[in-house]
Amino acid sequence: MAPEDIDKSIRQTRQALRWQGVFSFYFGDMKLKLLNRLPGKECIYPVYGLIVMLTYGWSLYHFFWILPSWIKFQTAEEIGILLCYILATNFVESLLFLLGLLFISMILPAKRFREDFVWRGGVSTLFILILFMFISYTPTSSNGLTVKYGLGAAVGLICVYLISRKINWARKVVGSLADRSIVFLYLSIPASLIALLVVLIRNI
Amino acid sequence: MNRFGRRDFLKLITTIPAGMVLSKMLPHLGTSNPALPNIIVVVLDALTARNMSLYGYPRRTTPHIERFASRADVYHAHHSAGTFTSSGVASLLTGTYPWSHRVINLKGLIARDRYKRNIFNLLHPLYGSVAFTQNYFADYLLSQMGADIEHHLPISSWSEFELYAADVAHKDRSMKFRAYDDFLYAMDTPTPASLLFGTINKHKKIVFSQKKKEDRLQYYAYELFYNLDSVFSGLASQITDLESPAFCYFHLYPPHGPYLPEGEFLDLFQDGWQPIEKPIHPLPYVESYESLNRKRTQYDQYLAMTDAAFGRFLDGMDRAGLLKNSYLLLTSDHGESFERGYFEHAGPMVYEPSVHVPLLISAPGQTTRRDFYSVTNSVDLLPTLLKISDLETPDWSEGLVLPGFGGEVDNTRLTFSMDAKNASAFGYLTPITIAMYEGNYKLIYYQGYGGENARYHKGLFELYNLKDDPEEMQDLIDDEADISKRLKERLLAAYNAASAPLNQIKGS
């Protein structure tokens with residue numbers, strides 16, 4: 001190797017190390033900071049269990065409601081494929097909802113959300129998803145999901161926090177419900193992964 | 001109303017860019033035998049012959065279709081085999097009755113071992129094909145026949161549409177349509193089945209539809225919005241660009257509800273005319289005579305508006321010289337009811353307003369009118385189109401070539417219309433209502449209905465002579481005992497042969 005090539009190589013290596021340092025200074029630390037702001041797994045599972053219970057439960061309730069009609073004109077294979085689409089969609093929406101809660105826990109001060117994630121995440125899940133159940137029944141002649149709905153929901157959620165903080169039994173109910181709903185994850189996650197696989201294969 | 005004015009011309013001009021874009025999407029169609037004429041089938045959804053002045057309705061609802069009739073073959077006793085879109089369209093495209101193709105449920109599909117038996121498949125060697133429908137249940141059926149259709153235009157052509165079904169290029173489109181549009185994001189079952197995405201989507205659609213309604217577009221079910229003239233003009237430009245021979249299936253939504261007459265048509269038929277009041281039927285839900293008459297007037301207005309748009313479409317075709325080398329067929333997938341307490345269609349009733357539909361066929365260069373009064377059925381279209389193309393009718397077809405195209409008038413022939421939407425497509429066809437036609441007689445058979453109407457459970461017959469009693473007011477089942485007995489035997493023989501579970505008559 002010529003001396004000028006060796007010099008060039010050394011310069012490039014130094015440059016690369018410098019950029020690595022810069023990246024690590026800004027982003028390495030940030031990544032660590034962000035991960036530290038996430039609640040622990042033992043807190044995430046119960047809240048995700050609640051989300052799964054409500055989102056999957058809602059779809060499966062409708063599925064069994066419409067099944068007597070479907071079996072009249074669709075084969076078992078077709079109904080199985082439809083179930084795969086349903087579970088895959090539930091998986092995505094439940095994960096997105098969980099990510100939303102995790103994002104809130106990252107941006108809010110720890111005392112406001114992260115330190116009490118099961119309680120606050122659980123109450124938020126119950127409040128928002130049950131609110132969605134009511135909203136989904138809104139007649140199609142209405143004005144849709146307006147700013148009014150959103151503001152009302154936010155104010156309602158804050159009120160629920162404030163009021164229920166003082167009520168110990170409410171904390172216990174939400175906590176134990178969330179703990180028990182972990183059991184749904186044992187079924188929903190493997191089933192959803194299989195469903196996702198089927199959906200992917202059919203769309204490749 | 002009859003003239004093609006400056007405004008109409010301007011409307012037509014505005015659709016030319018869309019037509020040019022779409023025509024580029026469509027490569028020129030097959031030219032295997034340029035001597036063959038085009039075949040263009042226009043289906044207007046839920047068009048009952050009973051409300052058309054062409055067929056003697058006292059209100060002048062269809063002056064432009066009458067103009068078309070002056071140069072066409074007009075079939076006066078033509079019936080749809082089904083009472084709603086899926087069922088009717090499947091019969092039209094397969095030449096078989098619902099008890100054979102098994103599209104008997106509102107959102108049904110053709111039996112999986114039979115969907116290859118369709119007109120696109122049979123005409124494929126000779127014709128290029130284009131299919132377009134605004135009705136997504138019909139589109140769902142077209143998807144099933146997708147491999148046989150050369151160009152399946154999306155529902156969203158010349159319209160605005162927010163569904164998976166809007167994109168015909170989607171992989172696994174049929175299942176996605178069923179999973180998302182018809183379940184997870186559905187607007188009417190009774191809530192969206194996806195709690196988060198579905199609810200958000202529902203409200204997005206509500207806001208979207210309110211905005212579109214303000215634009216005074218015709219619409220259907222919060223998802224499809226269009227201007228009828230634009231759609232017709234788009235189709236006209238589409239046809240202009242075709243190279244012969246092509247088979248086109250164009251299925252437009254009007255005059256299906258919601259009835260949305262506009263402008264001058266809103267003032268039509270404020271004449272106080274009232275049809276005869278018929279007895280309330282015990283099976284369907286009941287609407288009052290007054291309410292039905294109000295809806296009838298709106299339907300008539302919307303039909304007149306649809307008729308005017310069809311007239312402009314016809315004029316465009318004529319000017320382009322397309323009628324000289326094309327068969328043009330106008331028909332409907334099913335009728336519409338405004339009587340006996342029953343509104344709309346897809347009910348358990350098969351009285352004439354629900355199944356008597358128009359059929360007009362104009363041959364290339366035809367300049368005179370011919371009228372045919374013998375009973376025909378939508379299953380006859382397939383054999384007739386094959387005859388036009390010098391192709392053999394397959395033995396599984398249940399239709400016959402129409403009179404005027406080589407078919408003979410046979411007054412002993414049986415034709416059927418039926419409704420079995422609450423039965424299983426895979427099992428015995430019950431509950432079911434069947435109308436059987438023989439000559440002037442029409443025998444109706446109800447079987448398997450539960451609830452309070454026990455007599456409709458065991459099997460109930462009604463008999464009418466449509467020549468003497470076109471309004472079906474005089475039940476002759478007891479008065480004409482011999483005829484009743486003979487027709488009952490024929491109907492039950494046909495029903496028993498066709499109503500067995502699908503796996504027992506598989507591939508038959």
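None of the figures in this text is laboratory data; all of them are computed from the coordinates on show. Nothing here was measured: the structure is a model prediction, and the numbers come from that model. Every residue, glycine as well, gets a Cβ built from its backbone with ideal geometry; the counts of neighbours run over all protein chains shown.
Ordering A:90-100, B:178-188, A:128-138 by mean Cβ neighbour count within 10 Å, with the highest value first, yields B:178-188, A:90-100, A:128-138. Oblate is the label for segment B:89-158. Its Cα gyration tensor axes, ordered a ≥ b ≥ c, give a/c of at least 1.5 and b/c at or above a/b. At q = 0.10 Å⁻¹, what log₁₀ I(q)/I(0) does a Debye calculation on the Cα points of chain B give, no solvent, two decimals? Relative scattering, expressed as log10 I(q)/I(0), comes to -0.76.
Report the calculated FRET efficiency for residue A:99 and residue A:13 (r = Cβ-Cβ distance, R0 = 51 Å), to the nearest 0.05. FRET efficiency, residue A:99 to residue A:13: 0.85. Look at the stretch A:64-75: the mean tally of other chain Cβ atoms within 10 Å of its residues' Cβ atoms is 5. Which one, B:412, B:321, B:256, projects farthest toward the positive side of the charge dipole computed for the protein assembly as shown from Cβ point charges (K/R +1, D/E -1)? Toward the positive end, the furthest listed residue is B:256.
Only the Cβ atoms of Lys and Arg (+1) and of Asp and Glu (-1) were treated as charged; on that basis the dipole of chain B about its Cα centre amounts to roughly 1100 debye.
When each of B:350, B:103 is scored by the number of other beta-carbon atoms lying within 10 Å, the sequence from fewest to most is B:350, B:103. Between B:143, A:119, B:184, the Cα set farthest toward the positive side of the dipole of the protein assembly as shown (charges on each charged residue's Cβ, about the Cα centre) is that of A:119.
By the count of other C-beta atoms within 10 Å, a proxy for reagent exposure, B:305, B:145 are ordered fewest to most as B:145, B:305.
Each of A:43, B:248 has some number of other Cβ atoms within 10 Å of its Cβ, and from fewest to most they run A:43, B:248. Inter-chain Cβ neighbour count for A:47-55, averaged per residue, equals 1 (cutoff 10 Å, partner chain atoms only). Expressed to the nearest 5 percent, the antiparallel share of DSSP beta bridges inside the protein assembly as shown is 55 percent. The modelled label-to-label distance for the pair residue B:324/residue B:188, using points 7 Å beyond Cα in the direction of Cβ, is 4.5 nm.
Shape index of the protein assembly as shown: Rg/Rh, with Rg the Cα radius of gyration and Rh the Kirkwood radius from the inverse mean 1/r over Cα pairs, equals 1.06. Simple spin-label estimate for residue B:467 and residue B:286 gives 3.6 nm between the two label positions (7 Å along the Cα-to-Cβ direction from each Cα). Per residue of the protein assembly as shown, the DSSP helices (runs of n ≥ 4 H) give a summed -39500 (n - 2.57) that works out to -15000 deg cm²/dmol at 222 nm.
Report, in order of residue number, the helices in chain A meeting two criteria: a C-alpha extent of 24 Å or more along the helix axis, and a mean Kyte-Doolittle hydropathy of at least 0.5; treat each whole DSSP H run as one helix.
Values: long enough: A:3-23 (30 Å, -1.01); A:41-73 (44 Å, 0.78); A:76-107 (46 Å, 1.84); A:117-136 (27 Å, 1.90); A:147-165 (27 Å, 1.37); A:168-203 (49 Å, 1.12).
Sorted by number, the helices that extend far enough and score high enough are A:41-73, A:76-107, A:117-136, A:147-165, A:168-203.
Computed about the Cα centre, the dipole magnitude for the protein assembly as shown is approximately 3480 debye when only Lys and Arg (+1) and Asp and Glu (-1) carry charge, each at its Cβ. What you get for segment B:365-453, charging only the Cβ of Lys and Arg (+1) and of Asp and Glu (-1), is a dipole of about 240 debye around the Cα centre. Take the alpha carbon gyration tensor of segment A:164-204, find the square roots of its eigenvalues, order them as a ≥ b ≥ c, and report rounded if a/c is under 1.5; if not, report prolate when a/b exceeds b/c, else oblate. Cα axes put segment A:164-204 in the prolate bin.
Relative protection proxy for B:335-346, B:399-410, B:198-209, from highest mean packing down: B:335-346, B:198-209, B:399-410 (other beta-carbon atoms within 10 angstrom).
Scaling the Cα radius of gyration of segment A:39-203 by the globular reference 2.2 N^0.38 Å produces a ratio of 1.16.
For the peptides B:430-439, B:306-315, residues were scored by their other Cβ atoms within 10 Å and the scores averaged per peptide; the highest-first order is B:306-315, B:430-439. In this rough spin-label picture, where each label sits 7 Å from Cα along the Cβ direction, the residue B:480-residue A:176 distance is 7.5 nm.
Please tell me which of these pairs span more than 18 angstrom C-alpha to C-alpha: B:458/B:488; A:72/B:421; B:171/B:205?
Details: B:458/B:488 14 Å; A:72/B:421 9 Å; B:171/B:205 24 Å.
B:171/B:205, as the Cα separations exceed 18 Å there.
Taken residue by residue and averaged, Cβ atoms of other chains lying within 10 Å of the Cβ of A:125-133 number 2. Ordering B:98, A:195, B:351 by Cα displacement along the dipole of the protein assembly as shown toward the positive end leaves A:195 in first place; charges were set at the Cβ atoms of Lys, Arg (+1) and Asp, Glu (-1).
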